[in-house]
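Undergrad: Below is the structure I would like to discuss, written out as structure tokens.
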Amino acid sequence: MSALITDTATSLEADHQIVARVLAGESSALEQLMRANNRRLFRTARSILRNDAEAEDAVQDGYVSAYRALAQFRGQSSLSTWLTRIVVNKALARLRGNQRSSGEAQREDEERPAPLADTPEAMAIRKDLRRLIESSIDRLPESCRAVFMLRAVEGLSVAETAISLDQSEGSVKTALSRARAHLRASIGREIGAGIDDFFAFDGARCDRLVTAVHRRLGLLLPEPPPG
């Protein structure tokens, strides 16, 4: 128990340090914060919106709002959880807006081409199985998708997931159980231990988010590393 308390205190201290650096205008601090959280935030937004481009936009919106409210971060939860909650709200707002014009939005989604992988390695990752798993997760009940992504793919605890999604811990456990049952029926054992590979967060998307958010905030982009 004492080790857990120490780890939590260390993590919160690190959160406050990166927040202080961003607020002080340190050029590399926001990029560091983003790269540490981009994958989780994108996966969470996509689990709600089921569309890559919409998810990227929701993450951008979340970062812009978080940056402007960063001085209000008090460390009552981890910085990652605080950011996730903001992005969840942005994604849900987009989802509600899309549902109001669902016919048009559905046609646009169907016509939108799938993003191309950026590296030969990404292209080699069991494309057919990845497509099967993504489509199966997209078909999960709305109440289960984000819970499954945060718990099973991102590895958050029940408590962290509950805070991020503003749900009770009991609801999170129930939703995860339902999600697993749906997926077992849909794709059986194929989901396996390699699920993380099927939701690879490529470097190009991470770079794109960092660049877009810095531009929206009117901040200079950090210098790229040498070499």
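Each value in this text was obtained by applying a stated rule to the coordinates, not by laboratory testing. Remember, it's a predicted structure, so these values are computed and weren't measured experimentally. Every residue, glycine among them, receives a Cβ derived from its backbone with ideal geometry; neighbour counts consider all protein chains shown.
Undergrad: Mind checking the full-extension length gain between Ser11 and Ser177? Use 0.36 nm per residue of separation minus the Cα-Cα distance, one decimal, nm.
TA: Numbers: separation 166, 0.36 × 166 = 59.76 nm, distance 2.93 nm.
Going from the current span to full extension adds 56.8 nm.
Undergrad: Run the numbers for Ser65 and Arg139: contour at 0.36 nm per residue of separation, minus the present Cα-Cα distance, in nm.
TA: Roughly 23.7 nm would be gained on extension.
Undergrad: Sticking with this structure for a sec: Along Cα→Cβ, 7 Å out, is where each label goes; now give me the distance between the ones at Ala212 and Asp166 in nm to one decimal.
TA: It works out to 2.3 nm between the two label points.
Undergrad: Quick one: order Ile137, Ile48 by neighbouring beta-carbon count within 10 Å, fewest to most.
TA: Ile48, Ile137
Undergrad: Between Ala159 and Glu26, how many nm apart are label points set 7 Å from Cα along the C-beta direction?
TA: Output for this residue pair reads 2.8 nm.
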